[in-house]
1. Length gain on complete extension for the stretch Leu239 to Ala175, per 0.36 nm per residue less the alpha carbon to alpha carbon distance?
2. What do you get for the angle between helix 163-174 and the principal long axis of the chain? Use alpha-carbon atoms, 0 to 90 degrees, nearest ten.
3. Between Pro20, Pro139, Pro245, which gets the highest mean-square fluctuation from a Gaussian network model of the chain, Cα cutoff 10 Å?
4. Determine the calculated [θ] at 222 nm for the chain from helices alone, applying -39500 (n - 2.57) to every DSSP H run no shorter than 4 residues and normalising by the residue count; nearest 500 deg cm²/dmol.
5. Can you tell me the orientation of helix 189-200 relative to the chain, as the angle in degrees between its alpha-carbon axis and the longest Cα principal axis, to the nearest 10?
6. Hey, can you find the accessible area per residue of region 111-229 for me, probe 1.4 Å, expressed in square angstrom?
7. Given Cα positions, please report Rg to Rh for the chain, the hydrodynamic radius being the Kirkwood one.
8. Looking at the square roots a ≥ b ≥ c of the eigenvalues of the Cα gyration tensor of region 49-127, which shape do they give, rounded for a/c under 1.5, prolate if a/b is larger than b/c, or oblate?
Amino acid sequence: MKALTWQGKRSVSVEEVPDPRIQEPTDAIVRITSSGICGSDLHLYEVLGPFMDPGDVVGHEPMGIVEEVGSAVTNIKPGDRVVVPFNISCGHCFMCRQGLQSQCETTQVREYNSGCAIYGYSRMYGSVPGGQAEYLRVPHADYGPIKVPDTGEDERYLYLSDVVPTAWQAVQYAAVPEGGSLTVLGLGPIGQMSARIGRHLGYRVIAVDPVAERRAMAERHGIETLDSSGDVAEQLKDLTDGRGPDSVVDAVGMEAHGSPVAGLAHQAVGLLPSPLARKAMQTVGTDRLDAVYTAIEAVRRGGTISLSGVYGGTKSPLPLLTMFDKQLQFRMGQCNVKRWIDDLLPLVDDPSDPLGVLDLKTHTASLDEAPEMYEKFQKKQDGCIKVVLKP
């Protein structure tokens, strides 16, 4: 089959790889009909290369048609249309029973002290072949796949794999008071959906991004926006009675600009041989923290910051004095996709499209065009906000 493979920093290519097969009774094989390119895929493209191996199949936002199931899978059958959550969880361990499927004890990657395995997302998360491919082996298919209706375009349901539940969790973790204010930093796919969810839940939402096309997309959904040039924290305070917003979602993560020292550190680590680079990132790695610093400065005293952007540093400096003095609350972590599906499936299935899932994709491409799309997305060219691949 054809699959998109990682080959090196800023280098992906479509290659012929072996077809997946049933390996465990709880496996399924899914023929992929759509697969999203995620903002966190750019971390593999740019920063997390030391944890990748040439030929790794990438992608963690897939959906498609079940082709085959193992003997222990009874919840889905061949011919069913399913969305595959990005995190691989068993559904029955202690963590899954707590609604913390991203920490699944059955699939935890203990070698790197990581949470559950993730499709197509490096050694840190299990080196499981991903879904930017023609077919996907789905472990723990007796729990993970989300069966969706046979009708309607893929894009109505595709984002249940990651974008919509990640954004929903980000807003839930932000703990916005009733009728309160929410700032969303970054208007990539997660930021777009976080802002729409905040508005859907009745909050005042102010979103911040440097890219005009991204701000325009948010404004179509009734979101107030700010350019990220200038003193963002002061502008936000001016808009919120001088206090700052009640809550902030950081939907940017380690790709944030504005931290040249951390940027140079990323480049330096990338020049090391892979074993040394992995060790460096695990022990002395730092992040570009411009978005986090902005959130800490902007949020009101006693407010909450929700981190949904992915960070990878282990020695990133934080202004603990300010965080303590302002009495801030932080929540963060990989999304627990299955925890939120019962809340979200009715919303994406609603013909009125209250979350605007049909107004998120900006580019559709074939698998063969994926390398070009990665570059375009990484460089924020051509109004590229969300790419959906059609294998």
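1. Working: separation 64, 0.36 × 64 = 23.04 nm, distance 1.97 nm.
Roughly 21.1 nm would be gained on extension.
2. Its long axis makes an angle of about 40 degrees.
3. Among Pro20, Pro139, Pro245, the largest GNM mean-square fluctuation belongs to Pro20.
4. Numbers: 12 runs with 109 residues, N = 391.
My calculation for the chain gives -8000 deg cm²/dmol from helical runs alone.
5. Long axis of 189-200 versus the principal axis of the chain: about 70 degrees.
6. Details: 3900 Å² over 119 residues.
Accessible area per residue, region 111-229: 33 Å².
7. On the way: Rg = 20.0 Å, Rh = 21.1 Å.
Radius of gyration over Kirkwood radius for the chain works out to 0.95.
8. Values: a/c = 2.37, a/b = 1.24, b/c = 1.91.
Note, shape of region 49-127 comes out oblate.
The values are calculated or read from the model by the stated rules, or taken from the named source; none is laboratory data. Please read these numbers as outputs of a predicted model, since none were measured by experiment. Only protein heavy atoms, including side chains, enter the accessible area calculation; ligands, DNA and RNA are left aside. Shrake-Rupley method; radii C 1.70, N 1.55, O 1.52, S 1.80 Å.
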